[in-house]
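Trainee: One structure coming up, written as C-alpha cells, with questions to follow.
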Amino acid sequence: MVEDLPGNMSADDFTVTDNLWFVMRDLTRPNAKRPAYVLVGEAGIRYFTPMAWKIRTIGGRRERRWTPVIHDLLFVYSTRRELDPLVENTATFQYRFMRNMHNIPMTVRFEEMEHFIRAVSSCESPQYFNPDEITPAMCNRRIRIIGGRLDGCEGYLLTTRGSRRKRLLVELPSLLSAAVEVEPEYIQLI
C-alpha cells in the first residue's frame with residue numbers, strides 16, 4: 001500500500017536517514033539519452049522502474065528497445081539525505097508528494113515493493129495496468145502462491161475472457177498493477 005509515512009510513524013518521527021522506497025518522477029523526454037533511472041544507477045542507488053520491450057521507429061528503422069512502461073514513474077530505495085542533493089541538482093528529477101500533505105513524499109512499504117519486484121522479475125513479459133484499468137470483474141478471487149518462484153506472493157487471480165493462462169495480479173495501490181503468469185498447481189484460494 002502506498003503510504004505517506006513508513007509504518008505507524010508520525011511526521012515528527014520521519015527522518016532523513018530512514019531507508020525507504022520513494023516514488024519519484026522523471027520529467028525528461030521519453031527519448032532522453034540520460035533518463036533519471038540511468039542517473040540514479042550511476043549514483044549507485046538501488047532503483048526499480050517497470051520495463052517492457054517496445055517497437056520504436058528511429059531514423060526510418062524499426063528497433064526493439066527495453067524502455068520504461070510509464071516514463072515518469074521511478075521507485076528509489078534510499079534515504080532523504082542521499083536523494084535530496086540529487087533532486088536539487090537535477091531539474092528533471094523530483095519526489096512525488098502525497099495529496100493534501102505538505103512536503104511529505106510518497107513511499108511504498110518495503111515488503112510490498114519487494115513482492116512486486118520479485119513477481120515482475122519472475123516473468124519474461126508481465127502486463128502492466130494503471131489503477132483505473134482494473135475492473136472488479138477482472139479480479140474477483142484473492143490468491144496466494146504456494147511453492148515455485150513466487151512462493152508467498154499474494155494478489156488476485158486475473159480473469160481474462162478466452163485465456164487459459166492463469167495470471168497473478170500484484171499491485172501497488174493507486175500507482176500500478178502487474179499481471180504475471182503462474183502455474184495452476186501453486187495457486188491457493190484465500
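Trainee: Condition first: modelled with pLDDT under 90 and open to solvent by less than 30 Å² (accessible area, probe 1.4 Å). Can you find one or more residues in region 130-144 that meet it?
Mentor: So far as region 130-144 goes, yes, one or more of its residues are modelled with pLDDT under 90 and open to solvent by less than 30 Å² (accessible area, probe 1.4 Å).
Trainee: OK, next. Do we have any residue at all in region 119-130 that's at positive phi and of a type outside the set (Ser, Thr, Tyr)?
Mentor: No, region 119-130 contains no residue that is at positive phi and of a type outside the set (Ser, Thr, Tyr).
Trainee: Sticking with this structure for a sec: Take Leu20 and decide whether it is crowded, with 17+ Cβ neighbours inside 10 Å, within 18 Å of Leu175 (Cα to Cα), out of contact with any strand residue (DSSP E or B) (no Cβ under 6 Å at 6 or more places or on another chain) and of a type outside the set (Val, Ile, Thr).
Mentor: no
Trainee: Under 9 Å by Cβ, and 6 or more places apart or on different chains, what pairs join a residue from region 112-140 that is closer than 15 Å to Val69 by Cα with one that is open to solvent by less than 30 Å² (accessible area, probe 1.4 Å) and in a helix (DSSP H, G or I)?
Mentor: Close Cβ pairs (under 9 Å, with a partner that is open to solvent by less than 30 Å² (accessible area, probe 1.4 Å) and in a helix (DSSP H, G or I)) amount to Pro126/Ala119; Pro126/Val120; Tyr128/Val120.
Trainee: Filter region 83-97 for residues that are in a helix (DSSP H, G or I) and either among the aliphatic types (A, V, I, L, M) or surrounded by 16 or more Cβ atoms within 10 Å (Cβ to Cβ) (or both) and give the result.
Mentor: Of everything in region 83-97, those that are in a helix (DSSP H, G or I) and either among the aliphatic types (A, V, I, L, M) or surrounded by 16 or more Cβ atoms within 10 Å (Cβ to Cβ) (or both) turn out to be Leu83, Leu86, Val87.
Trainee: How many residues does region 33-55 contain that are out of contact with any Ser or Thr (no Cβ under 6 Å at 6 or more places or on another chain), surrounded by fewer than 19 Cβ atoms within 10 Å (Cβ to Cβ) and free of Cβ contacts under 8 Å to residues at least 40 places away in the same chain?
Mentor: 9
Trainee: While we're here: Just to verify a result, which residue in region 98-132, among those that are of a type in the set (A, V, I, L, M, F, W, C) and part of a loop (DSSP other than H, G, I, E, B), is farthest from Phe48 (Cα to Cα)?
Mentor: Across region 98-132, the extreme among qualifying residues is Met101.
Trainee: Among the residues of region 44-59, count how many are more than 21 Å from Glu114 (Cβ to Cβ) and either modelled with pLDDT of 90 or more or assigned to a strand (DSSP E or B) (or both).
Mentor: Matching residues across region 44-59 total 6.
Trainee: Anything in region 160-176 that is part of a loop (DSSP other than H, G, I, E, B), over 30 Å from Asp72 (Cβ atoms) and touching a strand residue (DSSP E or B) at 6+ places or on another chain (Cβ under 8 Å)? List them, or say none.
Mentor: Within region 160-176, Arg165 is the sole residue that qualifies.
The values are calculated or read from the model by the stated rules, or taken from the named source; none is laboratory data. Keep in mind the model is a prediction, meaning the values are calculated, not measured. For neighbour counting, all protein chains shown are included, and Cβ atoms are generated from backbone atoms with ideal geometry for every residue, glycine included. Heads up: the accessible areas ignore ligands, DNA and RNA and are worked out on the full protein's heavy atoms, side chains in. Shrake-Rupley method; radii C 1.70, N 1.55, O 1.52, S 1.80 Å.
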